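These notes are about the structure you will find just below.
Throughout, read-outs are computed from the coordinates displayed, never taken from laboratory work. No experiment lies behind these values; they were computed from the predicted model shown. With ideal geometry, Cβ positions are generated from the backbone for all residues, glycine too; neighbour counts draw on all protein chains shown.
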Amino acid sequence: MNYNIISYTIFLSLAVILIIGVGRHLYKNGYYYLLELFKGDQNYATNVNKILYIGYALVNVGWVSISILSWPEILSVQSCFEQISYSMAILLTVLAILHINNLISLRLIAKRINRDTNNVIS
Amino acid sequence: MNNLIVTTYSIYLPIAILLTFIVAKIFFKNSRIFMMDIFRGRSEIAMSTNRLFEVGFYLFSLGFALFRTKINYAGEFGKQQVFEHLSYQIGILTVFLGIMVFTNLYLLFRGKKKTRQNSAKHFENQGSNDQDIATIS
């Protein structure tokens, strides 16, 4: 058994678990934002939430498995650990940046909705 | 005839087809509500439009998946290369499916917005007609 194959298996399973786990949290907590966005229409919020979740999972898992092709040759247990932790670090950073980006855009959308409702009232 | 590239193909193709079908099933189960809104509750035409979109999605994604099947690798193709290329190909397909899902979602939102604008205009016209009728009578 080659060290590369072992580290691919470990990395891919860790990454998929991480992506699905983070996605579940966002799925549960983002529902209320969507409910706000669709003015309390529960059907729309549930369906759009599912579509967003699946899109998020697909793009992230795909990107992670594309990144495997550029790994260097792994010759020892030490470099296996190093490579896995380096790749996980990149994945975590990207997920964090995406998350912050999402929060900022939710903030903008909430502002716009508030402005629209104020306009309607006035 | 024990070629590892052939093994990679025979693992890749079922996964690609299954993935496309699962994603399309989930997406088009959840897009029905948009279609009902766009066609203002006329369920027959909404469902058949949904079905047509689904077929288009299948054709496009499976076409892309088959298009990306061929592996160009010059060196010796070992077990490690099987892993690498398999995950690379599935990754490309997955990102493509994700982009397709988001594009379709955007189209659905646009359709919904257009419908709402049109119906607003429709109501305005109706309102002015009513007024005209009222003034005439």
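Less than 14 Å Cβ to Cβ from residue A:8, Lys/Arg counted +1 and Asp/Glu -1: what total charge do the surrounding residues give?
-1
So which of A:28/B:70; B:25/B:79; A:39/B:121; A:50/B:79 end up more than 30 Å apart, counting from Cα to Cα?
Beyond 30 Å between Cα atoms: A:28/B:70; B:25/B:79; A:50/B:79.
What residue among A:20, A:52, A:77 has its Cα farthest toward the positive end of the dipole of chain A, where the charges are +1 on Lys, Arg and -1 on Asp, Glu, each on the Cβ?
Going by the Cα projections, it comes out as A:52.
Which percent of Cα-Cα pairs in the protein assembly as shown sits in each 10 Å bin, short to long?
The percentages, shortest bin first, are 6, 23, 27, 21, 12, 6, 3, 1, 1, 0.
What is the distance in Å between the Cα centroid of segment A:43-122 and that of segment A:1-18?
Centre-to-centre distance over Cα atoms comes out at 20 Å.
Compute the long axis of helix A:3-37 from its Cα atoms, compare it with the longest principal axis of the Cα atoms of chain A, and write down the angle in degrees, 0 to 90, nearest 10.
10
Once you keep just the Cα pairs under 8 angstrom separated by 6 or more residues, what percentage relative contact order results for chain A?
Contact order relative to length: 37 percent.
Do me a favour and compute the ellipsoid semi-axes for chain B from its Cα gyration tensor, root of five times each eigenvalue, largest one first, whole Å.
51, 13, 9
Once both axes come from the Cα atoms, what is the angle between helix B:43-67 and the longest principal axis of chain B, in degrees from 0 to 90, rounded to 10?
Helix B:43-67 and the main axis of chain B meet at about 30 degrees.
Work out the mean other chain Cβ neighbour count within 10 Å for the residues of B:97-104 and drop it here as an integer.
5
Taking the Cα atoms only, what angle lies between the long axis of helix B:4-30 and the longest principal axis of chain B, rounded to 10 degrees?
20
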